[in-house]
Amino acid sequence: MTTIRRTSRAVARDVRRRYGDRYRVVRANSGPEALDALREIKLRGEQVALLLADHRMPQMTGIEFLEAAMDIFPAARRVLLTAYADTDAAIDAINVVDLDHYLLKPWHPPEEKLYPVLDNPARRVGGQSRRRPRRAAGGRAPLVRAVVQGPRLPRP
């Protein structure tokens, strides 16, 4: 199993542990797979609350994924997971995809580093909050991660 896949599973596990009762967490193994999942969610008339992408993913970077995902769900919050060596990528993401936040690896303990970022919808790198997506009728908000979790709104 590759490091990227292990990272994806670990982040998805941490996100599900904290938010799984309120959000559907969708995980994909590559950027293109995540984009396909987002298109499916869109076709079902559902919304995505959060896109959480690793900068290093198979077949495309996290920035490329988030840029393409913006066209599908422009109101979704965007978070990029990077290594210390990828801080230039985080700066690019702030400029290219209007990034809400970036997280440096490791994100453990999640109670201190991951959850506070995801818990605060108003926290944005640029300082302005984006309009939150509406709840889908009868559905939970998706939480997408590419190396993916795709957010959808909580069910009423």
### Summary
If each part is reduced to its alpha-carbon centroid, the stretch 1-62 and the stretch 90-118 end up apart, in Å, by 15 Å
### Residues of the stretch 45-74 with amide N under 19 Å of the 7 Å Cα→Cβ point at Asp88
55-57, 60-65
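Order of Lys42, Lys105 from fewest to most other C-beta atoms within 10 Å? Please report the intermediate quantities before stating the final value.
Details: Lys42 13, Lys105 17.
Fewest to most other Cβ atoms nearby, the residues stand as Lys42, Lys105.
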### Query
On the first, second and third principal axes, largest extent first, how far apart are the outermost C-alpha atoms of the stretch 2-49 in Å?
32, 26, 11
### Query
Ordered by residue, what ³J(HN,Hα) values in Hz, to whole numbers, does the stretch 108-120 give under the Karplus form 6.51 cos²θ - 1.76 cosθ + 1.60, where θ = phi - 60° and Gly and Pro are x?
8, x, x, 4, 9, 10, 8, 4, x, 5, 6, 6, 9
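Ranking Asp100, Asp92 by Cβ neighbours within 10 Å, fewest first, what do you get?
Values: Asp100 26, Asp92 16.
By the 10 Å Cβ count, ascending, the order reads Asp92, Asp100.
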### Query
Contour minus end-to-end for Arg22 and Glu112, with contour as 0.36 nm per residue of separation and end-to-end as the Cα-Cα distance?
30.4 nm
#### Entry: Relative exposure of His101, His55, judged by other C-beta atoms within 10 Å (fewest first)
His101, His55
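A short reminder: the numbers here are calculations on the coordinates, not readings from a lab. Everything numeric here is computed off the predicted structure, so don't read it as measured data. For neighbour counting, all protein chains shown are included, and Cβ atoms are generated from backbone atoms with ideal geometry for every residue, glycine included.
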